[in-house]
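Undergrad: Got a structure here, written out as structure tokens. Questions coming.
Computed from the coordinates by the stated procedures, all read-outs in this text should not be read as laboratory data. Keep in mind it's a predicted model, so treat the numbers as computed, not measured. Positions of Cβ are generated from backbone atoms using ideal geometry, with glycine treated the same way; all protein chains shown enter the neighbour counts.
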Amino acid sequence: MEPLLLSKRERRKLASKYAELCLTCGTCAGGCPVSGIEGLDPRKVVRLAVLGLDQEIIDSKFPWVCTLCGRCEYACPMGVDLVTLLRSARGLRDRDKVPGVLHKGVEMCLNTGNNVGIPKEDFLFLLEDIGAELAEELPGFEVPVDQKGARLLVTINSKEPFAEPEDMTFWWKIFYAAGESWTVPSENWEGVNWGLFTGDDAALKEIVSRIVKNYKELECEYLLLPE
């Protein structure tokens, strides 16, 4: 259910449900790891929803301070769906008002296959270069790219090839030591889906579908995501 996307009548029914369910006991706030930051209190979000002040929730920092970890829902004795409420608010924020670089990253990923826009040729050159360096330490090592039939399809957090390429090698050394069969896709290798974080479900679905396409075409058994 997506509370903020309902009709006024349906929203009134849901608000009534919240009003009946929420005890304002504070258990959600007590379990929330970011309670108090920027004034966030999950009970306040519920009150705003009950009062029909949807736009205040959408325009506030609350949905973006929330980590969507779900501890509030887990702790709530009445089962109020707070995570759904807050994520719906993210999705209704104007895209040009989404905080930070998140929406730009979503657009970049849709256009280039990764959140920071690394060209395919640069990415492949980096993998080859790092692989050659590792081969001096690990005899016979090379980064397997688009290897059909590998057991693991390994996606990558784009911050690593962009700024911290050595972080990728920690995984690779483990794979080498274990004799693991793995591969990295040459395109759409981004493993961090900012469509999820921004409430952009259409982008989320497209990014996931590209990963699934790689997974099926390369006939892998398992998918490894960096987060």
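Undergrad: If the elastic network links every pair of Cα atoms under 10 Å, which of L110, L126, L82 fluctuates the most in the Gaussian network model of the chain?
TA: For the chain, modelled as a Gaussian network with Cα springs under 10 Å, the answer is L126.
Undergrad: Between 0 and 90 degrees, rounded to the nearest ten: what's the tilt of helix 102-112 against the longest Cα principal axis of the chain?
TA: On a 0 to 90 degree scale, this one is about 40.
Undergrad: Per DSSP H run of n ≥ 4, the term is -39500 (n - 2.57); total these for the chain, divide by its residue number, and report the mean residue ellipticity at 222 nm rounded to 500 deg cm²/dmol.
TA: -15000 deg cm²/dmol
Undergrad: Assign unit charges at the C-beta atoms only (+1 for Lys and Arg, -1 for Asp and Glu), then state the dipole size of the chain relative to its Cα centre in Debye, rounded to the nearest 20.
TA: Value, rounded to 20: 1840 debye.
Undergrad: Using the alpha-carbon atoms, what tilt in degrees (0 to 90, nearest 10) does helix 82-92 show relative to the longest principal axis of the chain?
TA: That works out to roughly 80 degrees.
Undergrad: Mind checking the dipole of region 119-224: about its Cα centre, +1 per Lys or Arg Cβ, -1 per Asp or Glu Cβ, Debye to the nearest 20?
TA: My answer is approximately 520 debye.
Undergrad: Rounded to the nearest 0.05, what FRET efficiency do A202 and R47 give with R0 = 25 Å and r taken as the Cβ-Cβ distance? Could you check?
TA: Between A202 and R47 the formula returns 0.25.
Undergrad: While we're on this one: Can you pull the Rg over Rh of the chain, Cα-only, Kirkwood?
TA: Reported Rg/Rh, Kirkwood definition of Rh: 1.09.
Undergrad: Net charge near F141: determine it from the other residues with C-beta under 11 Å of the C-beta of F141, scoring Lys and Arg +1 and Asp and Glu -1.
TA: With Lys, Arg at +1 and Asp, Glu at -1, the net is -3.
Undergrad: Right, another one. Using a ≥ b ≥ c from the Cα gyration tensor of region 119-224 (square roots of the eigenvalues), is it rounded, prolate or oblate, where a/c under 1.5 gives rounded and otherwise the larger of a/b and b/c decides, a/b for prolate?
TA: Since a/c reaches 1.5 and a/b is larger than b/c, the shape of region 119-224 is classed as prolate.
Undergrad: Give me the net charge for the shell around W64: Cβ to Cβ below 10 angstrom, other residues only, Lys and Arg +1, Asp and Glu -1.
TA: Residues close to W64 contribute a combined charge of +2.
Undergrad: With a 10 Å cut-off between alpha carbons and a GNM built on the chain, which of D122, D59, D200 moves the most?
TA: Evaluated over the chain, the most mobile residue of the options is D122.
Undergrad: Once you order the gyration tensor axes a ≥ b ≥ c over the Cα atoms, which shape class does region 22-94 get: rounded for a/c under 1.5, otherwise prolate or oblate by comparing a/b with b/c?
TA: prolate
Undergrad: How far, in nm, would the chain grow between E180 and T67 when pulled straight, counting 0.36 nm per residue and subtracting the alpha carbon separation?
TA: Computed gain between E180 and T67 is 37.3 nm.
Undergrad: Which whole-percent values make up P(r) of region 64-147 when all C-alpha to C-alpha distances are grouped in 5 Å steps starting at zero?
TA: With a bin width of 5 Å, the distribution comes to 3, 12, 12, 12, 11, 9, 9, 11, 9, 7, 3, 1.
Undergrad: Follow-up. Which one, V98, V46, V34, has the greatest fluctuation when you compute a Gaussian network model over the chain with C-alpha springs under 10 angstrom?
TA: Sorting by GNM fluctuation, first place goes to V34.
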